[in-house]
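Let me begin by handing over the structure; questions about it come next.
No lab work stands behind these numbers, since they all come straight from the coordinates. As the structure is a prediction and not an experimental result, all values here were calculated from the model. Glycine also receives a Cβ, built like all others from the backbone with ideal geometry; neighbour counts cover every protein chain displayed.
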Amino acid sequence: MNAKEEQKERSHETILESASRLLREKGIAGARVAEVMKGAGLTVGGFYAHFDSKEALIEEALRRTAWGMRRRLFLKLEDKPAADRAEVVLKRYLSVAHRDAPTEGCPLPAVVGEIGTTAPEHGEILSQEVDKLVGELETHIGSVGPLSRRHLALGLVALMVGGLSLARALRGTELSDEVLRACRALGAFAARSTVV
């Protein structure tokens, strides 16, 4: 790779980092091209040398941030007892640290409302990323009684994303902490109640 290609790759990476941060902090509408490029320390004119459209940038940033979140969420989970894995995931996701760091971690709380209302063009990528998260969680939970592993995993993901979204909206209040605790407890109860 020559120096020009290396520079282009570094710039592409910097743009993605800026977009990922803004996407998680301000959602799709807040991740405007001008703001992304400013955050990357680059001019707006250079954007189209890296991406065909803002939609392409958003989708790549969503894939990247969702992958990073899954990697951290399931890190060394196989070292934990099978019966405890769902609870470990709930504690990692529904934590005060995750709530208080919106520019890091899961992008879903910042974008699901917009995709459901004003940005439906990103629905397919959202579906793919939710499916990956559910699929990976499904591999870590034990045998279940009345619920299939898939339904339990899907329910836990919905509880996690919804709970984190509400806790972030209520940040700075005791109710925010209570939402996190309640969602962790409900998820753990559901996971343990269904283990055979």
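Please find, among GLY45, GLY41, the residue that is on the phi > 0 side of the Ramachandran plot, of a type outside the set (D, E, K, R) and over 24 Å from the mean Cα position of the chain (by Cα).
Criteria check complete, one pass: GLY41.
A further question follows. If I filter segment 145-160 down to residues being of a type outside the set (D, E, K, R), surrounded by fewer than 19 Cβ atoms within 10 Å (Cβ to Cβ) and more than 14 Å from ALA188 (Cβ to Cβ), which single residue comes out as nearest to the chain's Cα centre (by Cα)?
Once the filter is applied, the top-ranked residue is ALA158.
Filter segment 64-97 down to residues that are surrounded by 23 or more Cβ atoms within 10 Å (Cβ to Cβ) and of a type outside the set (A, V, I, L, M, F, W, C) and give me whichever is nearest to GLU124 (Cα to Cα).
THR65
Report, ordered by the first and then the second residue, all pairs with beta carbons closer than 7 Å, sequence separation of six or more or different chains, a first member in segment 146-174 that is under 19 Å from ALA97 (Cβ atoms) and in contact (Cβ under 8 Å) with a residue 60 or more places away in the chain, and a second member that is basic (Lys, Arg) and assigned to a helix (DSSP H, G or I).
LEU164/ARG99; ALA167/ARG99; ARG168/ARG99; ARG171/ARG99
For segment 104-125, name all the residues that are more than 15 Å from ARG70 (Cα to Cα), assigned to a loop (DSSP other than H, G, I, E, B) and small (Gly, Ala, Ser).
ALA119 - this is the single residue of segment 104-125 that is more than 15 Å from ARG70 (Cα to Cα), assigned to a loop (DSSP other than H, G, I, E, B) and small (Gly, Ala, Ser).
State yes or no: is ARG171 at negative phi, assigned to a loop (DSSP other than H, G, I, E, B) and out of contact with any strand residue (DSSP E or B) (no Cβ under 8 Å at 6 or more places or on another chain)?
So ARG171 fits the description; yes.
Does segment 126-138 contain at least one residue that is crowded, with 17+ Cβ neighbours inside 10 Å, among the small types (Gly, Ala, Ser) and either touching a residue at least 40 places away in the same chain (Cβ under 8 Å) or within 16 Å of LEU90 (Cα to Cα) (or both)?
Looking through segment 126-138, none of the residues is crowded, with 17+ Cβ neighbours inside 10 Å, among the small types (Gly, Ala, Ser) and either touching a residue at least 40 places away in the same chain (Cβ under 8 Å) or within 16 Å of LEU90 (Cα to Cα) (or both).
Looking at ALA101, is it out of contact with any helix residue (DSSP H, G or I) (no Cβ under 8 Å at 6 or more places or on another chain), among the aliphatic types (A, V, I, L, M) and either in a helix (DSSP H, G or I) or surrounded by 14 or more Cβ atoms within 10 Å (Cβ to Cβ) (or both)?
No, not satisfied.
Any chance you could count how many residues in segment 167-187 are aliphatic (A, V, I, L, M) and surrounded by fewer than 18 Cβ atoms within 10 Å (Cβ to Cβ)?
6
Of (1) within 13 Å of the chain's Cα centre (by Cα); (2) buried (at least 20 other Cβ atoms within 10 Å of the Cβ); (3) not acidic (Asp, Glu), LEU57 satisfies all except one. Which?
In the conditions (1) within 13 Å of the chain's Cα centre (by Cα); (2) buried (at least 20 other Cβ atoms within 10 Å of the Cβ); (3) not acidic (Asp, Glu), LEU57 misses (1) alone.
For residues that are free of Cβ contacts under 8 Å to residues at least 60 places away in the same chain, surrounded by 16 or more Cβ atoms within 10 Å (Cβ to Cβ) and of a type in the set (Val, Ile, Thr), tally how many sit in segment 104-125.
1
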